[in-house]
Amino acid sequence: MAYEPKNYDHLKGGAVKGLSDSQLDQHFTLYKGYVAKLNEIETKLAEVDNTKPNYSFNEYSELKRREAVAFNGSFLHELYFENLGADAELSPELQAAFDAQGGKDKVLADLKSCALGGPGWALLTRNRRDGKLHTYFVAEHHLGLPIDQDLLIVLDSWEHAFMVDYGIKRPDYIGAFMENIKWSEVSKRFALAAK
Ligand code: FE
């Protein structure tokens, strides 16, 4: 099945304070590249000879090694774009989960610190093992993403996410991101996770 990249143009025109159209357009282009590669890898995997896998080199083995890069690269970006666009609709259930862990400000301060260790992804998740909110830092799309997590906030802290608008000022970008979280979307993800 071919994946279709989604259109996030509604985020442009000042809808996300602190991210210019040029910055967003370049990021959309990069995201579409991941989706195209995911489709390419899946197409090739459907046809390639899988009977001679090899650690050093084999086409099938290489495709398998990179499949999760394109998959997570595609869908981490969708989760990122979809949790952009500030609103104040934080659900009482998610608020209670924050309160149980020292409050929203404390948890978000930790997420911010995660992101400042970039480049990579900073994640706020609901961990299915203990039912609590966790922050994680994932330096590569396919490496170090803990299992059994529902992803609530996905923060792209790779340079391409902010260089156009902020140069090397990652803290300023992270600050702008924090002001632009779409809490209705995060609350929806939490409600699905906590079911
Ligand atoms: Fe990105």
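The values are calculated or read from the model by the stated rules, or taken from the named source; none is laboratory data. Values in this document were obtained by computation on a predicted structure and should not be read as measured data. Ideal geometry is used to build each Cβ from the backbone, glycine not excepted, and the neighbour counts take in all protein chains shown. To get the accessible areas, we keep the full protein, side chains included, count just its heavy atoms, and leave off ligands, DNA and RNA. Shrake-Rupley method; radii C 1.70, N 1.55, O 1.52, S 1.80 Å.
Observations on the structure shown:
- Yes/no for Tyr3 being closer than 30 Å to Arg128 by Cβ and under 17 Å from the mean Cα position of the chain (by Cα): no
- Meeting the requirement of 2 or more residues that are over 29 Å from Ser184 (Cα atoms) and free of Cβ contacts under 8 Å to residues at least 60 places away in the same chain, the helices (runs of 4 or more DSSP H) wholly within region 1-113 are 21-47, 59-82.
- Members of region 183-195 found to be basic (Lys, Arg) and either within 11 Å of Ser91 (Cβ to Cβ) or crowded, with 20+ Cβ neighbours inside 10 Å (or both), listed by number: Lys188, Arg189
- Pairs with Cβ under 6 Å, 6+ apart, first in region 134-157 and farther than 21 Å from Glu179 by Cβ, second open to solvent by 10 Å² or more (accessible area, probe 1.4 Å) and assigned to a strand (DSSP E or B): His134/Asn127; Pro146/Tyr136; Gln149/Asn127; Asp150/Arg126
- Number of positions in region 121-133 that are within 18 Å of Ile181 (Cβ to Cβ) and either surrounded by fewer than 15 Cβ atoms within 10 Å (Cβ to Cβ) or in contact with a Lys or Arg (Cβ under 7 Å, 6 or more places away or on another chain) (or both): 1
- Residue within region 35-47 that is of a type in the set (Gly, Ala, Ser), under 15 Å from Glu67 (Cβ atoms) and away from the ligand (no atom under 16 Å from the Cβ) present: yes
- Within region 175-195, the set of residues being at pLDDT 95 or above and hydrophobic (A, V, I, L, M, F, W, C) comprises Ala176, Phe177, Met178, Ile181, Trp183, Val186, Phe190, Ala191, Leu192, Ala193.
- The residues in region 134-156 that are of a type in the set (Asp, Glu), within 25 Å of Asp172 (Cβ to Cβ) and open to solvent by 30 Å² or more (accessible area, probe 1.4 Å) can be counted, and the count is 1.
- Flag for Ala15 being more than 15 Å from the ligand (Cβ to nearest atom) and surrounded by fewer than 13 Cβ atoms within 10 Å (Cβ to Cβ): no
- Subset of region 97-108 [surrounded by 14 or more Cβ atoms within 10 Å (Cβ to Cβ) and of a type in the set (A, V, I, L, M, F, W, C)]: Ala97, Phe98, Val107, Leu108
- Residues of region 136-195 that turn out to be under 22 Å from Asp87 (Cα atoms) and away from the ligand (no atom under 16 Å from the Cβ), as a count: 21
So that you can scan it fast, the table gives a plain yes or no per residue for (1) buried (at least 18 other Cβ atoms within 10 Å of the Cβ); (2) modelled with pLDDT of 95 or more; (3) of a type in the set (Ser, Thr, Tyr):
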site: Tyr3; (1), (2), (3): no, yes, yes
site: Leu11; (1), (2), (3): yes, yes, no
site: Ser20; (1), (2), (3): no, yes, yes
site: Gln26; (1), (2), (3): no, yes, no
site: Leu30; (1), (2), (3): no, yes, no
site: Leu38; (1), (2), (3): yes, yes, no
site: Thr43; (1), (2), (3): no, yes, yes
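- Test for Leu116: is it touching a residue at least 40 places away in the same chain (Cβ under 8 Å), touching a strand residue (DSSP E or B) at 6+ places or on another chain (Cβ under 8 Å) and open to solvent by 50 Å² or more (accessible area, probe 1.4 Å): no
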